[in-house]
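J.: Sharing a structure, written as structure tokens. Questions coming.
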Amino acid sequence: MLLDVKEIICGYENTIIVDGCNFSVKKGDIACIVGPNGAGKSTAMKAIFGLIPIKSGKVIFKNEDITSLNPQERVMKGMSFVPQNNNIFQEMSVEENLEMGAFIHQSSMNKNLKNVYNLFPILNEKKSQIAGELSGGQRQQLAVGRALMTNPVLLMLDEPSAGVSPIVMKDLFKKLQVISKMGTSILVVEQNAKQALEISNLGFVLQNGKNKYNDTGKALLQNPEVRVSFLGG
Amino acid sequence: MEIINAFALIINYIIIPGLTYGCQLALGALGVTIIYTVLRFSNFAHGELMSFGAMTSILITWIISYFGISIFPLPTVILALPISILITISYCLLVDKFCFKYHREKNSKNVISLIVSIGVMFFTSGLIRVLIGPNDRTINDGERFIISAREFKEITGLTEGISLKLSQSITIIVSIIAVVLLFWFLNKTKTGKSMRAYSDNKDLALLSGIKTENIIFYTWLITGTLACIAGTLYGLDKSYKPFTYLQLVLPIFAAAIVGGIGNPVGAIIGGFVISFSELLITFSYNKFLSYLIPINFLPEGSLQLLSTNYKIAISFIILVLVLILKPTGIYKGKLL
Amino acid sequence: MKTDFISEKKYINSYFVCAFLFLLVGLFQSWNVAFSILNLCLISSIMSIGINIQWGNSGIVNFGVMGFAAIGGLCGVLISMPPTLEVWKDGTAIILIILFSFLISGILIKKFWKIFVHNKHLKILLSIIIILFSLYLIKSIFIPSTNFIENTNSAKTGYIGGLNLPIILSWPIAGLFCGVIAFLIGKIALGLRSDYLAIATLGISEIIIYIIKNEEWLARGVKNVNGLPRPVPYEIDLQKNEFLQIISETLNLSVIEFSSLIVKSLYSILFILVLLIIFFLLQKAIKSPWGRMMRAVRDNEISAEAMGINVKKRHLQVFIIGSAIIGISGAMLTTLDGQFTPSSYQPLRYTFLIWIMVIIGGSGNNHGAIIGGFAIWFFWIQAEPIGIFLIELITIFLSDQNEMKLYLLNHAAYMRLLLMGLVLILALRFFPKGIIEEEKRL
């Protein structure tokens, strides 16, 4: 098991948002966390990455308890995170953005840079452009590219499709499939449950901070209860 | 010939002093801008940090001169500069550790850091006056002129002379070196880029493994260096008076804001905008025009937009106008 | 409520400490010194109340204290001094004043444009015409008339003079005048956020000082105006009074000392009266619905706006009130000094020191502002002896002839700057709420 999240409880100050969630991701998986608004999806992901302190529970990554590590240390262990907003350095060039992504993995930077450019050729074309001038889809690609620069084992994305057009979203999901085939597992939080489940081999449906259904993506898509309550019929 | 004389007049009274003062302002504004982008507050103590740098330069110059070392015709202070830069940096780091760090970690409002910087300003100005006294000190013990107005007139046969002080050319050369190094650092080195990344998007920078402490360290390293160089150059050019540095704070802010605070290129442009407008607005154009148009056509009275008494006030007026009309400045800077 | 009781006790204690310090100075230094300190403490307190209204109640950062204090002082001159009749008779002064106000109010033109002119090119053209026209006015009327005024008996007057009214009248008028100026400044600058507003107000106050310094026809500029009339009797007249002579003998004081003591204490009484009036009016305002609204605005501008409060207008009101109070204290200061010296207006002393008073006293609380004014001014005056004491302590192992020691003692006067900085830094770190915390109100 690559990532094992056991019964985590977390939230802000006095309110508990994630109330005993379990996730487990194997190598090569595309896992996706879906659920209604306010179910605690993003909070759970932030807690896994160490951005929010966990009140109880454990995060086990590569058979190692990383619950007490800070985000930077988790990056060193092979996790990588793409935040939902502000996920690029607006005033820096595309290439500088990627360089900053590789800040702590300087040794394999050139190799990773090449990989990212192969994956997203558009970034190679615009490498000296200022990131703030890119289109929405290109920004999202850059954000994913930046996260890949650390050569992660597990790539986590927080609502990558928020604010982009359906075509761009489809393209992005395709790229995610490519990334997972290259050996990086993916954990993604998505609002667009249907499309996300289509590409995932694992799905977690969250409600009120708890796991409601865990199954393969396909099974969840066919589950009539899930369809009615979460996928709009 | 008349036209050349007019040009000589402009070069002597506007271009050379404007470039010198502009360089001093630009170096100061760079320091303010860098603190603003990385630490997110307006550092009112910057003038006093410059003064501190100039003071250490003087103290070290005294020690060097005591041993009889001199690099005439250059002023001895050039030798002292590297050491005083180190001392100023250490002072900046200490100040940060004891004053700003706490509020940064507590996530206080940035106005609080601004008020803390006023405390630092008081403290530093007191420290300087206790250590070196409030009096006027001359730093320049080197050659005064590279070319004096009289020599220039003799060589060229013009009626207008151009004088170039050694201190002026040192100011311009040192500033160019400092700015080139700064831009090389910010744009080409990994650390410099990480500083820009941190000021651009702090959270993402942290996610990328950039460490806050390192960024803060380099920020003060650069600020201390710039402050020390700017302060020493200003003292070298005009003679060192501790109280003048407090008056320099607003023109420096003006330069940074006119250029667009948070933008290093803007800070430099802003410095020159301020220095040249001060000179151009208070310059009396009578003599200049007398070379260009027949005397009969010359208007009576002084052709001066504003009396020289208002020289420094011009920077304040520009500052206020920019803040009101276009707070982002020439190059779009950051807004709070 | 319990919390109220504690804070009440705390500020009463603080007032007792202030009174105790006053007594100490009176008994050990001299009563004259004690009263001089007290008078300036009172003025400082009023100034810091002015800032406290803006910062503590609305979060406005006004670094323009110096400018308003100077305008207040200017009012003192323009109200109380006798007019220079020569320049009034031929109308030069009147023309000048009209012209000056016209040029100053040029800032307002920006607002008029929004109403009349929409075309951008027309705007630029108009502004060029206006600038050229003002330059013409300056050249042809303004400069000749200023020269005329400044050359009229330049050694003694050389300015337009004042209205020859009792100087006490200048206090409320200074408040009014500063209120109007604050309205103009607030209109153009209050849209800025904290740091920018701080820098802008500091810049504006510097511009005000520059104008007062350089426009000699207005109040003699750097040549200073001396001998302002007083609201209290002169020492010399008191010394002639036989009754007072007898009292001073029985009190075992010299007549000169006694008379200056009386004058100073009369000033103190006047200042205390003003302080009390301002204080009680403000307390009343703070407790009213208006005050509640102000605090709502400070605590959360966005939700206050959502509730239908016009935040900009509230800010402007507070800015005007605070600045008017500073103006009043500025006029009081000039009255106390008996002279107007524009070059004495330094941001360190008039802007930043007042800010230290507000922060130390505890922002958001007028008792705090008063205590802060007292404490910091007392400290500012007494910092030199404290500094000497500290240096003596540090260099206790050095001989009295040691050059290092002598050198440091020589510069001990500047310890006050150092200590003041230290006090501010430490206070923000360890007592961010100040001596007296903000009262909790519902």
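The values are calculated or read from the model by the stated rules, or taken from the named source; none is laboratory data. As the structure is a prediction and not an experimental result, all values here were calculated from the model. In this analysis, Cβ positions are derived from the backbone assuming ideal geometry, glycine residues included, and neighbour counts consider all displayed protein chains. The accessibility values were calculated without ligands, DNA or RNA, using every heavy atom of the protein model including side chains. Shrake-Rupley method; radii C 1.70, N 1.55, O 1.52, S 1.80 Å.
J.: When the residues of region B:168-180 are filtered to those that are in contact (Cβ under 8 Å) with a residue 60 or more places away in the chain and closer than 17 Å to residue B:11 by Cβ, which remaining residue is least open to solvent (accessible area, probe 1.4 Å)?
T.: Result: B:171.
J.: Can you tell me how many residues within region B:187-221 are part of a helix (DSSP H, G or I), more than 9 Å from chain A (Cβ to nearest Cβ) and open to solvent by less than 50 Å² (accessible area, probe 1.4 Å)?
T.: 9
Let's see how each residue does on (1) among the aromatic types (Phe, Trp, Tyr); (2) in contact with a Leu (Cβ under 7 Å, 6 or more places away or on another chain); (3) open to solvent by less than 20 Å² (accessible area, probe 1.4 Å):
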| site | (1), (2), (3) |
| --- | --- |
| C:393 | no, no, no |
| C:401 | no, no, no |
| C:404 | no, yes, no |
| C:413 | no, no, no |
| C:421 | no, no, yes |
| C:424 | no, no, yes |
| C:431 | yes, no, no |
| C:434 | no, no, yes |
| C:437 | no, no, no |
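J.: Looking only at region B:129-174, which residues are within 14 Å of another protein chain (Cβ to nearest Cβ) and more than 19 Å from residue B:237 (Cβ to Cβ)?
T.: B:129, B:130, B:131, B:133, B:134
J.: Has region B:54-61 got any residue that is within 14 Å of chain C (Cβ to nearest Cβ) and open to solvent by 10 Å² or more (accessible area, probe 1.4 Å)?
T.: Yes, region B:54-61 has at least one match.
J.: Here is a follow-up. Can you give me the number of residues within region A:12-35 that are out of contact with any Asp or Glu (no Cβ under 6 Å at 6 or more places or on another chain) and either on the phi > 0 side of the Ramachandran plot or open to solvent by 50 Å² or more (accessible area, probe 1.4 Å) (or both)?
T.: 11
J.: Quick one: would you say residue B:74 is more than 13 Å from every other protein chain (Cβ to nearest Cβ), farther than 21 Å from residue C:418 by Cα and not in a helix (DSSP H, G or I)?
T.: Yes, satisfied.
J.: Sticking with this structure for a sec: Checking the conditions here, which among B:232, B:282, B:212, B:219 is among the β-branched types (Val, Ile, Thr), farther than 30 Å from residue C:348 by Cα and in contact with a Leu (Cβ under 8 Å, 6 or more places away or on another chain)?
T.: Just a single option satisfies the conditions, and that option is B:212.
J.: Further, regarding this structure: Look through B:284, B:239, B:277 and report the one residue that is at positive phi and open to solvent by 10 Å² or more (accessible area, probe 1.4 Å).
T.: After ruling out the rest, the residue left standing is B:239.
J.: Among what's in region C:302-316 and is open to solvent by less than 60 Å² (accessible area, probe 1.4 Å) and free of Cβ contacts under 8 Å to residues at least 24 places away in the same chain, pick the residue that is farthest from residue C:176 (Cα to Cα).
T.: Of everything passing the filter in region C:302-316, C:303 is farthest from residue C:176 (Cα to Cα).
J.: Identify all residues within region A:74-92 that are more than 23 Å from residue A:172 (Cα to Cα) and more than 9 Å from every other protein chain (Cβ to nearest Cβ); write none if there are none. I'd like the intermediate steps shown before the answer.
T.: In the first step, residues of region A:74-92 are kept if they are more than 23 Å from residue A:172 (Cα to Cα); the result is A:74, A:76-77, A:91.
The answer is A:74, A:77.
J.: If residue A:102 meets every condition in (1) buried (at least 21 other Cβ atoms within 10 Å of the Cβ); (2) farther than 23 Å from residue B:211 by Cβ apart from one, which number is that one?
T.: The failed condition is (2).
J.: Still on this structure, please answer the following. Looking only at region C:243-292, which residues are open to solvent by 60 Å² or more (accessible area, probe 1.4 Å) and of a type in the set (D, E, K, R)?
T.: C:249, C:257, C:284, C:287, C:292
J.: Scan region B:1-8 and tell me whether some residue there is out of contact with any helix residue (DSSP H, G or I) (no Cβ under 7 Å at 6 or more places or on another chain) and within 21 Å of residue B:101 (Cα to Cα).
T.: Checking region B:1-8: not a single residue is out of contact with any helix residue (DSSP H, G or I) (no Cβ under 7 Å at 6 or more places or on another chain) and within 21 Å of residue B:101 (Cα to Cα).
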